[in-house]
1. Restricted to the stretch 167-197, and to residues that are among the hydrophobic types (A, V, I, L, M, F, W, C), closer than 16 Å to Glu232 by Cβ and assigned to a strand (DSSP E or B), which residue is modelled with the lowest pLDDT?
2. For the condition closer than 30 Å to Thr316 by Cβ and hydrophobic (A, V, I, L, M, F, W, C), what is the one hit in Ile192, Ile241?
3. For the stretch 297-326, enumerate the residues that are out of contact with any Leu (no Cβ under 9 Å at 6 or more places or on another chain) and either assigned to a loop (DSSP other than H, G, I, E, B) or of a type outside the set (D, E, K, R) (or both).
4. Quick one: Ala162 ticks every box in (1) touching a residue at least 12 places away in the same chain (Cβ under 8 Å); (2) in a helix (DSSP H, G or I) bar one, so which box is it?
5. Residues of the stretch 200-255 being of a type in the set (Gly, Ala, Ser), over 27 Å from the mean Cα position of the chain (by Cα) and either assigned by TED's automatic domain parsing to the domain that holds Asn166 or outside any loop (DSSP other than H, G, I, E, B) (or both), which ones?
6. Within the stretch 114-159, track down each residue that is surrounded by 15 or more Cβ atoms within 10 Å (Cβ to Cβ), in a loop (DSSP other than H, G, I, E, B) and of a type in the set (D, E, K, R).
7. What residue, of Asp294, Asp280, is among the acidic types (Asp, Glu), loosely packed, with under 14 Cβ neighbours inside 10 Å and either in contact with a strand residue (DSSP E or B) (Cβ under 7 Å, 6 or more places away or on another chain) or within 20 Å of Glu203 (Cβ to Cβ) (or both)?
8. Residues to consider are Ile101, Ile91, Ile145; find the one that is at pLDDT 80 or above, of a type outside the set (D, E, K, R) and within 30 Å of Thr255 (Cα to Cα).
Amino acid sequence: MGVMLAARCGRRSRFKNCRFSDRHSGKAKGLLIQKAPAAIDFCGGSRPLRHPFNVITPSASAGGVVFLSQILYTNSMPIFAWSVRRQLVVIGIFAVFVFLIVGGLIYYFQPEPTCFDKRQNQDEESVDCGGSCAPCSEKIHNLTILWSRVFSVREGSYDAAALVDNQNQFLASKKLVYAFKLYDKDNILVAIRENFTFVNAGEKLIVFEPNFPVQNRIPARAVLELREVRWEAAEPEVLPIDILSKDLSLENGSTRLEVRVKNRLSNPISNIEVSAAILDASGAVLGVSATKLDLLDIFAESRLVFTWPKQISGATDAQIFLRRIP
């Protein structure tokens with residue numbers, strides 16, 4: 001038995017000259033399911049359906065009553081009207097505009113990353129260390145004290161010196177706080193002095209403190225105590241200075257060392273600290289002195305003179321240490 005959608009085509013008959021086009025039917029649980037037609041003939045004229053639908057009606061065994069029970073709209077029905085879609089587009093554009101403005105303001109006012117902002121950024125290996133910042137603590141070598149000595153200069157006055165090795169090839173410190181302590185043969189403290197110096201990357205340096213007044217006490221040994229150092233990233237530097245000669249003379253109850261140096265580059269070099277250590281035949285240090293060379297001009301030579309007020313017996317050689325003052 002066929003099934004028709006009830007449609008009013010006239011006042012007297014509800015079904016006269018009215019029919020579905022392109023029908024397909026089937027049965028399921030006593031209901032006759034009508035597939036959505038592409039068009040309906042209304043009173044002799046075919047009109048396309050704007051929104052196709054499915055019709056579920058009782059089958060013939062249910063009494064033969066034909067009526068429309070349910071209309072199911074399919075996915076071809078438009079979800080939003082044009083005005084709603086236009087509002088969504090406007091809202092989307094506005095949201096993107098606000099996002100760009102807020103993101104730009106955040107980026108513009110965000111502070112530049114530093115090595116002290118307590119965040120791991122830039123090229124840091126950990127928080128505020130590694131990369132362009134100072135190396136992380138587990139990669140920092142402690143300064144090594146190779147030797148420390150105390151030297152009698154004159155009666156009641158002593159010098160103290162130590163050779164320190166910085167094995168950190170890419171670390172320097174603008175301020176190394178240290179203290180020299182002088183002890184007598186009974187290990188009793190005779191004198192103490194605190195001072196500071198600098199440490200360049202990967203260098204060996206002489207820490208020198210002259211003229212400790214000890215009165216009638218006699219120091220037997222010197223101890224260098226390194227108290228505070230703050231590291232920062234730096235490049236090692238080898239000064240382009242040649243040592244041309246070292247002339248050591250012991251005469252008239254004093255010691256004199258004359259050193260000639262030359263700048264081998266076409267650029268002047270300024271603020272150079274020069275330290276000299278007097279050695280015996282076995283290489284033991286017998287005395288230390290230091291001076292400053294303010295300027296070494298282009299390809300220029302300079303003569304430096306170190307003196308000690310007493311003759312240092314056994315002195316045979318000298319070792320020179322050069323470093324630039326930051």
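The values are calculated or read from the model by the stated rules, or taken from the named source; none is laboratory data. Quick caveat, the model's predicted, so the values are computed rather than measured. Counting neighbours? That spans all protein chains shown, and the Cβs are built from the backbone with ideal geometry, glycine included.
1. Our first condition is that a residue be among the hydrophobic types (A, V, I, L, M, F, W, C); within the stretch 167-197, this holds for 170-172, 176-177, 179-180, 182, 188-192, 196.
With closer than 16 Å to Glu232 by Cβ added as a condition, the list becomes 170-172, 176-177, 196.
Still in the list and also assigned to a strand (DSSP E or B): 171-172, 176-177, 196.
Details: Leu171: 92, Ala172: 95, Leu176: 97, Val177: 98, Phe196: 97.
Filtering first and then ranking leaves Leu171.
2. Values: Ile192 fails: closer than 30 Å to Thr316 by Cβ.
Being closer than 30 Å to Thr316 by Cβ and hydrophobic (A, V, I, L, M, F, W, C) holds for just one of Ile192, Ile241, which is Ile241.
3. Narrowing the stretch 297-326 to residues out of contact with any Leu (no Cβ under 9 Å at 6 or more places or on another chain): 297, 300, 303, 309-310, 325-326.
Matches in the stretch 297-326: Asp297, Ala300, Pro309, Lys310, Ile325, Pro326.
4. (2)
5. Step one: list which residues in the stretch 200-255 are of a type in the set (Gly, Ala, Ser), which gives 201-202, 220, 222, 233-234, 245, 249, 253-254.
So of that shortlist, the ones also over 27 Å from the mean Cα position of the chain (by Cα) come out as 220, 222, 245, 249, 253-254.
Across the stretch 200-255, the qualifying residues are Ala220, Ala222, Ser245, Ser249, Ser254.
6. Glu124, Asp128, listed by residue number.
7. Working: Asp280 fails: loosely packed, with under 14 Cβ neighbours inside 10 Å.
Sole residue among the options that is among the acidic types (Asp, Glu), loosely packed, with under 14 Cβ neighbours inside 10 Å and either in contact with a strand residue (DSSP E or B) (Cβ under 7 Å, 6 or more places away or on another chain) or within 20 Å of Glu203 (Cβ to Cβ) (or both): Asp294.
8. Numbers: Ile101 fails: within 30 Å of Thr255 (Cα to Cα); Ile91 fails: within 30 Å of Thr255 (Cα to Cα).
From the options Ile101, Ile91, Ile145, the qualifying one is Ile145.
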